[in-house]
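Enquirer: Handing you a structure now.
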Amino acid sequence: MIYLDNAATTLLSPEALKAMSPFLKKKFGNPSSLHGLGREARAAIEKARERAAKFLNCSTEEVFFTGSATEADNLAIFGSAASHIITSVIEHPAVLEPIKNLEKSGEISATYLPVYKDGIVRVEDVKKALQPETALVSIMYANNEIGTIQPIAEIRKVLPAKIIFHTDAVQAANYLDCDVQKLGVDMLTLSSHKLYGPKGIGLLYIKKGAAIAPVMFGGHQEGGIRPGTENVAAIAGFGAAIAELAISKSQNIKIRVQRLRDKLIDDILTKIPGASLNGSLGARLPNNANISFDRVEGESILMALDQEGIAVSTGSACASGSLAPSYVLMALGMTHQRAHGSIRFSLSKYTTEAEINYVLKILPKVIERLRKLSPLK
């Protein structure tokens, strides 16, 4: 199987698996216990926290492990005492749904910023949306569907210091600088399984002094911000994945992945009539290619490619069961038909040129065959 759905999840790295293994077998102690097994588990958690803090350029006291990135996003939204929230129309549902829930209950008001055809939030729009009661701004670092990169550091510059600034950096971590000092964020979300770590573990960076309250109760773990017995094996694997990520960045993997991504985009747009790239090419993650194909349904393309041993996506993995057109693509001003004809190709550090060549051999034939069968004109 040629796997080009890495925005949905990534292959568990050997380093992460190795780090997890002892805590799935012999070192099974509760990290809150004072005996030897408990202390071993606690040491593994703190080692992972140190690795995350180094990656983010923050203190270990500012790193809080959660059960997922969705939970971390929810904690950032629900835990902030906000009366007015600014976000964008293309945020992940883990950000949008909590905000809509608070709106529905009458607890807050919210402003949803547009992104225009290129999929980018304008700094001026953020500035114009500010109100005296604005307490939280949440703008994702890079979009999970179209890979567009938002100007996070520039947005911070127009925000008053009192406003808490959160960014979902789940898709960004593999390729972009997540130094929280440079970005100027007060909260930042990461997900383990998007950077070659295990599923079921995420984290939220919370700047010291940022006003945030827990949304779960019943334990002292993670400074009381996220109670519950820690998933030691997953945290250890997450820490190993983060440590490996720093090494990967220094080995120019980003350049190699982007070269393969560009080859994929260029050849598709050249060889397949009616194909178009969705969102900005320049301000885009190096592993993302979201492309629409006229007169053919994305689901049909996905299934046809799957039969040829190629795994791709029609959009966000979290909404893959929905028949509605992608709200992210619709926010770019697309027609329903074009949005329905989109495919997301997302590469990884393991993607090879031979795999891309195979996709480029198979895809034109698939599109041609499906168009002959399509009732769309």
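Values quoted throughout were computed directly from the atomic coordinates according to the rules given, and no laboratory measurement underlies them. All values reported here derive from a predicted model rather than from experimental measurement. A quick note on method: Cβ atoms are made from the backbone with ideal geometry, for glycine too, and the neighbour counts reach across all protein chains shown.
Enquirer: What is the extension gain from Glu46 to Glu107, computed as 0.36 nm multiplied by their sequence separation minus the C-alpha to C-alpha distance, in nm to one decimal?
Expert: 18.3 nm
Enquirer: Another one. Tell me the angle of helix 298-307 to the major Cα principal axis of the chain, expressed in degrees between 0 and 90 and rounded to the nearest ten.
Expert: 90
Enquirer: Give me Ser276, Ser105, Ser342, Ser59 ranked fewest to most by other Cβ atoms within 10 Å of their Cβ, as a rough exposure proxy.
Expert: Exposure proxy ranking, most exposed first: Ser105, Ser59, Ser276, Ser342.
Enquirer: Right, another one. Return a whole-number percent for the relative contact order of the chain, with Cα pairs under 8 Å and 6 or more residues apart as the contact set.
Expert: 23
Enquirer: With Kirkwood's inverse mean 1/r over C-alpha pairs for Rh, give me the Rg to Rh ratio of segment 81-233, two decimals please.
Expert: Answer for segment 81-233: 0.95.
Enquirer: Moving to a separate point now. Give a quick list of chymotrypsin sites (Phe, Trp or Tyr not before Pro) in segment 1-55 that DSSP marks as loop, anything other than H, G, I, E or B, with at most 16 other Cβ atoms within 10 Å.
Expert: Answer in residue order: Phe28.
Enquirer: Simple spin-label model, 7 Å along Cα-to-Cβ: Leu269 to Val123 in nm?
Expert: For the pair Leu269/Val123, the computed spacing is 2.6 nm.
Enquirer: Arranged by the count of other C-beta atoms within 10 angstrom, fewest first, what order do His220, His336, His92, His166 take?
Expert: His220, His336, His92, His166
Enquirer: Can you sort Cys58, Cys178 so the residue with the fewest Cβ neighbours within 10 Å comes first?
Expert: Ranking Cys58, Cys178 by Cβ neighbours within 10 Å, fewest first, gives Cys58, Cys178.
Enquirer: Let me ask something else about it. Using +1 at the Cβ of each Lys and Arg and -1 at the Cβ of each Asp and Glu in the chain, identify which of Thr134, Ser313, Val123 lies farthest towards the dipole's positive end.
Expert: Ser313
Enquirer: While we're here: Kindly flag which residue pairs out of Lys27/Lys208; Lys27/Lys254; Lys157/Lys207; Lys263/Lys365; Lys47/Lys254 have an alpha-carbon separation exceeding 28 Å in this structure.
Expert: Flagged as over cut-off: Lys27/Lys208; Lys27/Lys254.
Enquirer: While we're here: Please state the relative contact order of segment 1-129 as a whole percent: Cα pairs under 8 Å, 6+ residues apart? Write down the numbers at each step before the final one.
Expert: On the way: 94 pairs, mean separation 17.0, N = 129.
Over segment 1-129, the number comes to 13 percent.
Enquirer: State the Cα centre-to-centre distance between segment 216-290 and segment 6-39 in whole Å.
Expert: 21
Enquirer: List the GluC sites (Glu not before Pro) within segment 125-186 that fall in a DSSP loop (any state other than H, G, I, E or B) and whose Cβ has at most 15 other Cβ atoms within 10 Å. Let's see the in-between values first.
Expert: Values: sites: Glu133, Glu145, Glu154; in loops: Glu133, Glu145.
When the GluC sites (Glu not before Pro) of segment 125-186 are filtered for loop state and at most 15 Cβ neighbours within 10 Å, Glu133 remain.
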